[in-house]
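What follows is one structure encoded as structure tokens, with my remarks underneath.
All of the numbers you see were taken from the coordinates with simple rules; none came from a lab. The model shown is predicted, which means the values in this text are computed figures rather than measured ones. No Cβ is skipped: glycine too gets one built from the backbone with ideal geometry, and neighbour counts run over all protein chains shown.
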Amino acid sequence: MAVEGDAVARPVTGPAFARDAILGSYAQILFSRSPWVGALLVGATFTSPRAAVFGLGAVLLAFLTAQALHYSPDQTRSGLFGYNALLVGLGGASLVEPSPMGFGLLAVAIAGSVLVTAAVHSALGQYFQLPALTIPFLLVFWIVLGAAPLADIPLRPLTHDETAIALGIPAGPRLFFQSLGALFFLPRVDAGAVVFLALLVHSRIATTLALLAFGLVAFFGSELFVLADPTLAIMLGYNCILTAVALGGVWFVASGWSFLFALGGVLMTGLFTLGALPRMSLAGLPLLILPFNVTVILVLYAMRQRTRDGRPKAVDFLLGTPEENLHYFKTRLARFGATYWVRLNAPFRGKWTVTQGVEGSITHKGPWRHALDFQVAGADGALFGGDGTRLSDYHCYRLPVLAVAPGVVAKVVDGVPDNPIGEINAKDNWGNLVIVWHAPGLYSLVAHLAPGSIKVREGQHVGRGEPLGLCGSSGRSPFPHLHFQLQATAIVGAPTLALELHDVITEEESGEELHGVITPVEEAVVRNVAADEDLARLLTFEYGAPLPLAKDGEDAGPTEELVADIDLFGAQLLRSPKLHGRLFYRREPHLFMVDDVIAPRRSALHVLRAALSRVPFEVRRELSWVDYLPYRDFVPWALRPFMDLVSPFLRRSGVEMRYGIAREGRKVIVRGESVRWRRGEEPVVRTEAVLEEGAGLARAELRVRGRCRVVCRPGKEAAAEGALAAEGGLG
């Protein structure tokens, strides 16, 4: 709940806006943003016409209140201000006897729930980074129940459906469906069956978690004779189901660990329910959905205090369905690594060789094992010219040393002399150095710099690739070399952190390979991308500029106009106003990279994501790279439900793609194909992007199992006979 909608510019008035807000309010109860899920849940309330009328009336009143108070249109559209009001309305339909005073009390409570939701959402989100869940509903509805007797408004008990017993439905399935229906104050099998269908449409992972949670409730409930009381069993059921779904797939990435964690949360919810119920009864208040709220809020806040995020991995990106969260995380892990958000380039220009790697045999041991030493080899492979007795004989001596990422200089040490060849200075072990802060708990250190060569001062902001000093041989350095490491503090000599570099190129037997993330090994030859400004301009999208793309191939249709935009968080994106889609990308000085796409499958944005997944601004025929596309996008529809069920337990990261780049006249062609699993097998996926001088992106093509999707700039349709159409490859 409180899963906010996409921040896409859409109309903020009119029937479509109201429809989205109403359906979003219902879908929020199952942590969904799908209007189809919302429509099914509306249908579930029609198993009781009174509940349907009260529910729709409550959501409509909440919508009008949010509009009148000028709350965020995006949050209003998502249903953020409606789902707590919906529960107040449904609770009133079930527990408050019809009367003019009763209707008036509920109307005030529903409008008030909008204000309470805004306040709780802001307070918990801003100060604790926690969701509001259904806390606003609980606060408002308990006030309604307390005020009703004082206003002579009669209340009635919530009764569960006895029809299912008469029909002979077994206790387990009966109580499961009644628990789902009770989420909407409708503890009926028919209502629960529709809610179950909505849950299944929303997420197969969430459905599995719901079944496991209720299975655990049934097992322990039978041992404790809880199931003998249907009201208590149903209360345990819906609280535990929501807890399992929230912890197992919404706020944590679905995995074996998250499933175990969710079942632990179910036990906590059950214990809280059994322990708090007598106390709440004495106070004259129903427990309702309090156990779910207490358990999830406490668990989320406790897990925020971890020093390392993992097992289970928290969702630290835009919330989606459990399947979307899982596949986005797996693909991100394969593409970018899991250790650091900051992209770290190599600390030099040109080609350097790793002469001592992580856990090296000389000095990279114990707390300082995560480090790299670099030197420069000549054409003959030697690290020095002449007889190697002078510092200047070494090819790396006094070459520039660069900042690996933007940051602030935290520590500078200078004035330590270079050592004669073969000698070391054990007193000033690190020699001249610069430590740069990049993010909380992440610093980079470059050491053994030449005396008097440091070009920065403490407190100075530095950009990626900005010179820090020159390579030297100061400190514990018998010959010129560059020492590089990551650490958690600015203290000289602090223990090292796990080391990785991003977007660097290594020399391989088959050519050169661009790596999204790598920890180079000894003897690896490493360099940064040599950016071509002309190529970089071809993948520049000016803010607010339209990018119309005509569709051809399997999904030929009307032109889809994209717009270059920047969201509230500063992320660059291409937006499809017509299809409400977004493609998030990063454009660094050395490469273009797509982060994610949120759009209907028919949108051209998916073709662009596949064809332009990662593009270095360097054209060399011998240069290639591996990237990953979300595996779920290429699974046949019939197999998707099965894949959704087993994907939390699979290690597969995505569809492995190999890309290459070449210049053909005035065009730059980026081609990709999926890695073949067996020799002689055709690639399942092929892509091609054509960048043309003076036009930028001219066309993009995606072939999956022979089915072709093409998007191109108007007027470029004649160029659609690309290499892929001729069944070419990376060549």
Checklist outcome for this item: With x for Gly and Pro, the residue-by-residue ³J(HN,Hα) of the range 309-320, computed from phi through the Karplus equation 6.51 cos²θ - 1.76 cosθ + 1.60 at θ = phi - 60° and given in whole Hz, is 8, x, 6, x, 7, 6, 7, 10, 9, 4, 5, x
Checklist entry - When the Karplus curve 6.51 cos²θ - 1.76 cosθ + 1.60 is applied with θ = phi - 60°, which whole-Hz ³J(HN,Hα) does each residue of the range 601-617 get, with x for Gly and Pro? => result 4, 7, 6, 5, 4, 5, 5, 5, 4, 5, 7, 10, 3, 8, 10, x, 7
Checklist entry - Given labels modelled 7 Å from the Cα in the Cβ direction, how far is it in nm from PHE219 to ALA488? => result 3.6
Checklist entry - Relative to the first principal axis of the alpha-carbon coordinates of the chain, what is the inclination of helix 256-282, with its axis defined by its Cα atoms, in degrees from 0 to 90 and to the nearest 10? => result 30
Checklist outcome for this item: Simple SL model, points at 7 angstrom along Cα→Cβ for ALA531 and ARG349; separation in nm is 1.4
Item to check | Pairwise centroid distance, computed over Cα atoms, of the range 43-61 with the range 405-424, Å | outcome: 71
Item to check | For the range 203-320, convex hull volume per residue from C-alpha positions, Å³ | outcome: 107
Item to check | Label-to-label distance, nm, for residues given as GLU542 and VAL53 (7 Å Cα→Cβ offset) | outcome: 5.9
Checklist entry - How long is the gain from ARG602 to SER72 if the chain were fully straight, where each residue apart is worth 0.36 nm and the alpha carbon distance is subtracted? => result 187.9 nm
Checklist entry - Mind listing the phi-derived Karplus ³J(HN,Hα) values for the range 449-454, rounded to whole Hz, using 6.51, -1.76 and 1.60 with θ = phi - 60°, and x for any glycine or proline? => result 6, 6, x, x, 9, 6
Checklist entry - Rounded to the nearest 0.05, what FRET efficiency is calculated for GLN129 and ILE169 with R0 set to 30 Å and r the Cβ-Cβ distance? => result 0.10
Item to check | For GLU512, residues with placed amide H under 5 Å, excluding near neighbours | outcome: LEU623, SER624
Checklist outcome for this item: Stretched fully, the stretch from ALA498 through LEU150 gains (0.36 nm per residue minus C-alpha distance, one decimal, in nm) 118.9 nm
Checklist outcome for this item: Zone reached by a paramagnetic label modelled 7 Å from TRP36 Cα along Cα→Cβ, restricted to the range 634-663 with backbone N below 18 Å, covers 634-645
Checklist entry - Using modelled backbone amide H atoms (1.01 Å from N, in-plane), which distant-in-sequence or interchain residues come within less than 5 Å of GLY469's amide H? => result VAL401, LYS455
Checklist entry - What is the Cα centroid distance between the range 632-696 and the range 256-288, reported in whole angstrom? => result 46
Checklist entry - Rounded to the nearest 500, what is the chain's calculated 222 nm mean residue ellipticity when only DSSP H runs of at least 4 contribute -39500 (n - 2.57) each, over all residues? => result -11000 deg cm²/dmol
Checklist outcome for this item: One finds, for PHE103 and ASP309 with R0 = 35 angstrom and r their Cβ-Cβ distance, a FRET efficiency to the nearest 0.05 of 0.15
Next on the checklist: Between 0 and 90 degrees, rounded to the nearest ten: what's the tilt of helix 100-128 against the longest Cα principal axis of the chain?
Outcome noted: 20
Checklist entry - Around LEU549, which amide H atoms from residues at least 5 apart in sequence, or from another chain, sit under 5 Å from its own amide H, with H modelled in the peptide plane? => result GLU560, GLU561, LEU562
Checklist entry - How about the range 182-263: which chymotrypsin sites (Phe, Trp or Tyr not before Pro) there are in a DSSP loop, with at most 10 other Cβ atoms within 10 Å of their Cβ? => result PHE225
Checklist entry - So what's the angle, to the nearest 10 degrees on a 0 to 90 scale, between helix 189-202 and the longest Cα principal axis of the chain? => result 10
Next on the checklist: Assuming 0.36 nm per residue, please report the length gained on full extension of the stretch ALA382 to LEU282 beyond their Cα-Cα distance.
Outcome noted: 27.6 nm
Checklist entry - With charges set only on the Cβ (+1 for Lys and Arg, -1 for Asp and Glu), what does the dipole of the range 308-435 come to about its Cα centre, in debye to the nearest 20? => result 460
Item to check | Calculated FRET efficiency for the pair GLU523/ALA302, C-beta based, R₀ 60 Å, to 0.05 | outcome: 0.85
